[in-house]
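Asker: So that we are looking at the same thing, I have put the structure below in structure tokens.
The values are calculated or read from the model by the stated rules, or taken from the named source; none is laboratory data. Worth saying up front: this structure is predicted, and the values here are computed from it rather than measured. Please note: Cβ atoms are built from the backbone with ideal geometry, for glycine as well, and neighbour counts cover all protein chains shown.
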Amino acid sequence: MTETHEARIARLGIQIPAAPALRAAKIQMARKLGNVLYVSGQLPTIGSELSFVGRVGENLDLNQAKQAAYRSGLNVLAQARAALPGGLDDVISVVNLRGFVACAAHFTQIAEVVNGASELMVEVFGEAGAHTRSALGVTNMPHGVVVEIEAMFEVR
């Protein structure tokens, strides 16, 4: 029998937090349309606390920004888990990630930062975690955080 996503997460010891509460306008944190689940951009929060505030290439380094992308990815998974009746076992595949990275003008390793979230998806879902992706460098992010990650999943 094939290992479920939730069993794999437990075996790997990955700690997915509770889904972060809505911080802004009247938006949905996740929305399912047919067999696609869209997850709104997630910040690198730990509980209700913002973490990784700043810009990579100024006051944060590549490793810290990659950790922020991983943390944002965990929050994406938390929102998906909360939105699906069968939790992450309802995910068929990760379709797309979009990563936004606040960075200094000279910083060009934006894709390497977003790898923090991409690698998490492959770790959690195996081959089904391979996805298309955009990685964009920006000057400012909500609440001054360094990374925001949004996602699209194929679901049951």
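Asker: Find the residue count for segment 123-141, including only residues that are surrounded by fewer than 15 Cβ atoms within 10 Å (Cβ to Cβ) and under 22 Å from F52 (Cβ atoms).
Answerer: 5
Asker: Consider R11 against the criteria (1) part of a loop (DSSP other than H, G, I, E, B); (2) charged (D, E, K, R); (3) surrounded by fewer than 12 Cβ atoms within 10 Å (Cβ to Cβ); (4) at pLDDT 95 or above: it satisfies all of them except one. Which criterion is unmet?
Answerer: Against the list (1) part of a loop (DSSP other than H, G, I, E, B); (2) charged (D, E, K, R); (3) surrounded by fewer than 12 Cβ atoms within 10 Å (Cβ to Cβ); (4) at pLDDT 95 or above, R11 comes up short only on (1).
Asker: Inside segment 29-40, can you point out the residues that are touching a residue at least 60 places away in the same chain (Cβ under 8 Å) and surrounded by fewer than 20 Cβ atoms within 10 Å (Cβ to Cβ)? Show your work before the answer.
Answerer: Residues of segment 29-40 that are touching a residue at least 60 places away in the same chain (Cβ under 8 Å), as a first pass: 32, 35-40.
Once the filter is applied, which keeps residues that are touching a residue at least 60 places away in the same chain (Cβ under 8 Å) and surrounded by fewer than 20 Cβ atoms within 10 Å (Cβ to Cβ), segment 29-40 yields K32, N35, V36, Y38, S40.
Asker: Looking at segment 138-149, can you tell me whether even one residue there is in contact with a strand residue (DSSP E or B) (Cβ under 7 Å, 6 or more places away or on another chain), among the small types (G, A, S) and more than 13 Å from L97 (Cα to Cα)?
Answerer: yes
Asker: Then there's this: When you go through (1) surrounded by fewer than 22 Cβ atoms within 10 Å (Cβ to Cβ); (2) more than 17 Å from Q64 (Cβ to Cβ); (3) free of Cβ contacts under 8 Å to residues at least 60 places away in the same chain; (4) of a type outside the set (F, W, Y) one by one for A104, which number turns out not to apply?
Answerer: The number of the failed condition is (2).
Asker: Next question, about the same structure. All but one of (1) under 12 Å from F153 (Cα atoms); (2) without any contact (Cβ under 8 Å) to a residue 40 or more places away in the chain; (3) of a type in the set (K, R) hold for K26; state the number of the condition that does not hold.
Answerer: Among (1) under 12 Å from F153 (Cα atoms); (2) without any contact (Cβ under 8 Å) to a residue 40 or more places away in the chain; (3) of a type in the set (K, R), the lone unmet condition for K26 is (1).
Asker: Further, regarding this structure: It is to be established whether one or more residues within segment 100-108 are in a loop (DSSP other than H, G, I, E, B) and out of contact with any Gly (no Cβ under 7 Å at 6 or more places or on another chain).
Answerer: yes
Asker: Could you tell me which numbered condition V94 fails, if it satisfies all but one of (1) part of a helix (DSSP H, G or I); (2) closer than 27 Å to A7 by Cα; (3) hydrophobic (A, V, I, L, M, F, W, C)?
Answerer: Of (1) part of a helix (DSSP H, G or I); (2) closer than 27 Å to A7 by Cα; (3) hydrophobic (A, V, I, L, M, F, W, C), only one is false for V94: (1).
Asker: Okay, next question. Using the structure shown, decide if A111 is more than 27 Å from Q28 (Cβ to Cβ), of a type in the set (G, A, S) and either part of a helix (DSSP H, G or I) or modelled with pLDDT of 95 or more (or both).
Answerer: Spelling it out, A111 is indeed more than 27 Å from Q28 (Cβ to Cβ), of a type in the set (G, A, S) and either part of a helix (DSSP H, G or I) or modelled with pLDDT of 95 or more (or both).
Asker: While we're looking at this one, here's another question. Could you give every pair whose Cβ atoms fall below 9 Å, whose first residue belongs to segment 50-62 and is closer than 7 Å to V146 by Cβ, and whose second residue is hydroxyl-bearing (S, T, Y), counting only separations of at least 6 or pairs across chains?
Answerer: So the pair list comes out as F52/S72; R55/T139.
Asker: Additional query: Any idea which of (1) of a type in the set (G, A, S); (2) within 17 Å of V124 (Cα to Cα); (3) touching a residue at least 60 places away in the same chain (Cβ under 8 Å); (4) assigned to a helix (DSSP H, G or I) is the one A18 doesn't satisfy?
Answerer: Condition (4) is where A18 drops out.
Asker: Considering only residues that are out of contact with any strand residue (DSSP E or B) (no Cβ under 7 Å at 6 or more places or on another chain) and among the polar types (S, T, N, Q), look in segment 41-81 and name the one that is surrounded by the most Cβ atoms within 10 Å (Cβ to Cβ).
Answerer: So, considering only residues that are out of contact with any strand residue (DSSP E or B) (no Cβ under 7 Å at 6 or more places or on another chain) and among the polar types (S, T, N, Q), the one surrounded by the most Cβ atoms within 10 Å (Cβ to Cβ) is T45.
Asker: Let me ask something else. Taking A25, is it out of contact with any helix residue (DSSP H, G or I) (no Cβ under 8 Å at 6 or more places or on another chain) and in a loop (DSSP other than H, G, I, E, B)? Before the answer, list the steps.
Answerer: Details: out of contact with any helix residue (DSSP H, G or I) (no Cβ under 8 Å at 6 or more places or on another chain): yes; in a loop (DSSP other than H, G, I, E, B): yes.
Against the criterion (out of contact with any helix residue (DSSP H, G or I) (no Cβ under 8 Å at 6 or more places or on another chain) and in a loop (DSSP other than H, G, I, E, B)), A25 qualifies.
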